[in-house]
Amino acid sequence: MAAWSSRKLLREVFLRRVASNPPLPRFRCFSTSAPESAPKISHHSKKGRLLTGATIGLFIAGGAYVSTVDEATFCGWLFSATKLVNPFFALLDAEKFSNPVGLAAGFDKNAEAVDGLLGMGFGFVEVGSVTPVPQEGNPKPRIFRLRQEGAIINRCGFNSQGIVAVAKRLGAQHGKRKLDETSSRSPTSNNDVKHGGKAGPGILGVNLGKNKTSEDAAADYVQGVHTLSQYADYLVINVSSPNTPGLRMLQGRKQLKDLVKKIQAARDEMQWGDEGPPPLLVKIAPDLSKDDLEDIAAVAVALNLDGLIISNTTISRPDAVSSNPLASESGGLSGKPLFDLSTKILKEMYILTRGKIPLIGCGGISSGEDAYKKIRAGATLVQLYTAFAYGGPALIPQIKLLSPHPCTPLLPTFIAIDQIQIRRCQFKTASCRFHLLPSVSTRSPP
């Protein structure tokens, strides 16, 4: 591979030189006039040739060296390079995520149980959706369990205590955590891997929503950014809940572009330390047409969005739940019947974004095999909700340990960008050595 790249580079350099310097004629006519002096090569031209030669030599030597390195090491180099391009890739470092299994927004709406949930084994927890002003949400009953199908229908409507209450709670938790770290600090080995972010042992995401009666959605999200971003390892713009009137209209190309630009500007104008601002992600619906997905992908790539969460609940009713009397209830469906639809959208978005945007797979995961399929479809991380509501804390270690390969437990999974394709890497042991997963085609299921 390296030798082929070197030959290609030499050929391109040679062809450019030939194109810029036409060949001399084979025969030259001499006149009786005084002979012309030989053309002089300028000092700058000599320098240019020396620089070109040195550059080509470095490429050849570098290619030869890379050819002797195993693919796993090369993949690690590429992943390190991506962290300079997208801050969310920096979060995907082994020193941040202890594992790729997270809890989706909606379970802990008001950040009341972050430490406890992380203590159960989640690699990251996403709280919210949080609205600027407290609101009750839609009238009860608004949550319906379809136990036989492993599904839930909800029409909560962003019931939230508001950003002030959530900020106070997160601030108190953050202060207590810092105090505990200071009082219990002990010397550690340089080889120790410390996982976590602002939530201590794990990563904390904050999902932002808008109030039902608000006429300026952008202002609501900006207010959430200004108030809560200091406590978040990443932020999520929720524009896909089916239970807030008009919210999904914000997924249109122009609407989403205008919204994201305003929120990015609000985040970037704040004062940040060395780690920079928290990454900004958008959570989308599974009930989108091909044109809708293309529009979202175009906006995400054009604005360098830090990631997408795919997907929220669906307003459709798959055949698996059609015979259940509760299927007629309005609201968003989550759980096992959502898996195929959300995974299909995940695959399509991975192809449309050409692997340039980190994707979090969410929707219908209830086993390690389901999580593995999401990763094979293009996900960098995965999230649970409904399966956790049914299976409880015992489900988390089951998902983390089960995978189709008995010697390859589903441990932290990250992606590294190559110029041609995405190579998906998986931690092999606690010492964080990489090995490559089997070749993946996003166009057909494994």
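Things to note:
- Here the Karplus relation 6.51 cos²θ - 1.76 cosθ + 1.60, evaluated at θ = phi - 60°, turns the backbone of the stretch 243-258 into coupling constants of 9, 10, x, x, 5, 5, 5, 6, 7, x, 4, 5, 4, 5, 4, 4 Hz, with x for every Gly and Pro.
- One chain, two ends: ALA219 and GLU275. Fully extended at 0.36 nm per residue, the span grows by 17.6 nm beyond their Cα-Cα distance.
- Backbone HN-Hα couplings from phi across the stretch 124-138 [Karplus 6.51/-1.76/1.60, Hz, Gly and Pro as x]: 7, 10, 10, 9, x, 6, 10, 9, x, 10, x, 8, 6, x, 7
- Relative contact order for the stretch 248-382: 23 percent, from Cα pairs under 8 Å spaced at least 6 residues apart, divided by residue count.
- In this structure, the pairs whose alpha-carbon distance is over 20 Å, taken from LYS261/LYS290; LYS109/LYS198; LYS178/LYS198; LYS198/LYS356; LYS344/LYS373; LYS344/LYS400, are LYS261/LYS290; LYS198/LYS356; LYS344/LYS400.
Computed from the coordinates by the stated procedures, all read-outs in this text should not be read as laboratory data. None of these values were measured; they are calculated from a predicted model.
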